[in-house]
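Please read the structure below before turning to the comments.
The numbers here are math on the coordinates, done by the rules we state, and not lab data. Model, not experiment: these values are computed from the prediction. Cβ sites come from the backbone with ideal geometry, for glycine too, and all protein chains shown count toward neighbours.
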Amino acid sequence: MSVSLEVSEFVAVVRLDKPPVNALSRETRHRLIQVFDEVSERDDIRVAILTGTGKFFCSGADLKDRPSADKPGDFLDHNRWTRETGNAIRECAKPVIAAVNGPALGAGFGLMAACDIFLASDDASFAMPEINVGLAGGVSMLRTMFGRSFTRRMFFTGMRVPAAELYRRGVLDEVVPADELMPTALRLAQEMASKSPIALAYAKQAANMMDVMPQRDGYRFEQNITMALSRTEDAKEARQAFLEKRAPVFKGR
């Protein structure tokens with residue numbers, strides 16, 4: 001199977017597992033969408049980590065599985081699944097941590113961009129190399145991370161950028177040695193998973209909405225969420241646990 005799912009202590013680890021470079025075929029995209037839709041609905045998952053097996057996070061689109069321009073509808077079908085792969089991660093009801101364990105190229109870079117928090121190993125690298133095979137794509141994703149000039153530089157040249165440079169530019173949240181990547185991601189995921197699951201789900205929803213709403217409307221949206229959360233059993237439990245100086249026991253309601 002090209003994508004695996006493991007769950008423990010409310011944390012899901014989603015692994016791209018398509019040797020040798022975890023390229024994205026249409027089948028792999030279908031599986032990723034299926035997995036993240038499952039993550040959204042499972043009560044035993046509060047946070048997910050997306051990573052790759054081997055030395056690659058994801059090399060991008062599988063060039064052996066390109067759509068045919070001569071087959072009516074094939075390109076549109078391919079493009080639809082390509083869009084929905086990122087959307088399944090971005091719209092996942094649970095926060096998703098990217099643990100980038102190696103090169104994240106093209107659509108692989110896009111997978112990371114769809115996640116909520118970006119961690120990487122110090123040997124990871126990033127590029128949008130479509131221009132090198134006579135194609136173009138990904139500028140809509142790059143512009144959410146970089147300024148105008150660097151976005152276009154990456155887009156027009158296909159240059160590969162090391163993790164250290166993305167950390168310097170404030171894109172990556174943390175860069176660690178390769179053997180520390182998953183322990184670091186798991187510690188962060190477990191900290192997040194210790195929060196109220198209903199509050200965490202609302203927080204993910206609010207963060208997504210803030211990307212597309214004006215500040216005034218966004219703040220009103222957040223206030224409405226806070227009001228709704230204040231009436232939950234989890235909020236009452238959190239307040240009681242604080243007063244009693246103990247760890248809260250959340251039920252997700």
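Pull up the cross-link candidates among the lysines for Lys251, meaning alpha carbon to alpha carbon under 22 Å and not fewer than 8 places away within one chain.
Lys94, Lys195, Lys204, Lys236
Extension gain Glu237-Glu41, at 0.36 nm per residue separation less the Cα-Cα distance, in nm? Spell out each step's value before the answer.
Details: separation 196, 0.36 × 196 = 70.56 nm, distance 2.34 nm.
Between Glu237 and Glu41, full extension yields an extra 68.2 nm.
What is the distance, in nm, between label points placed 7 Å from the Cα along the Cα-to-Cβ direction at Asp173 and at Lys71?
3.9
For Rg/Rh (Cα atoms, Kirkwood Rh), pick the label among (i) 1.00; (ii) 0.95; (iii) 1.06 that corresponds to the value derived from the coordinates.
(i)
Under 8 Å for C-alpha pairs, at least 6 residues apart: give me the relative contact order for the range 3-193, rounded to a whole percent.
On the way: 388 pairs, mean separation 40.2, N = 191.
Relative contact order comes out at 21 percent.
What's the exposure ranking of Ser149, Ser196, going from fewest to most Cβ atoms within 10 Å? Present the calculation step by step, with values, prior to reporting the outcome.
Numbers: Ser149 8, Ser196 22.
Neighbour counts put them in this order, fewest first: Ser149, Ser196.
Test of understanding: ordering Val139, Val35 by Cβ neighbours within 10 Å, fewest first, what list do you get?
Working: Val139 14, Val35 22.
Ascending Cβ contact count within 10 Å gives the list Val139, Val35.
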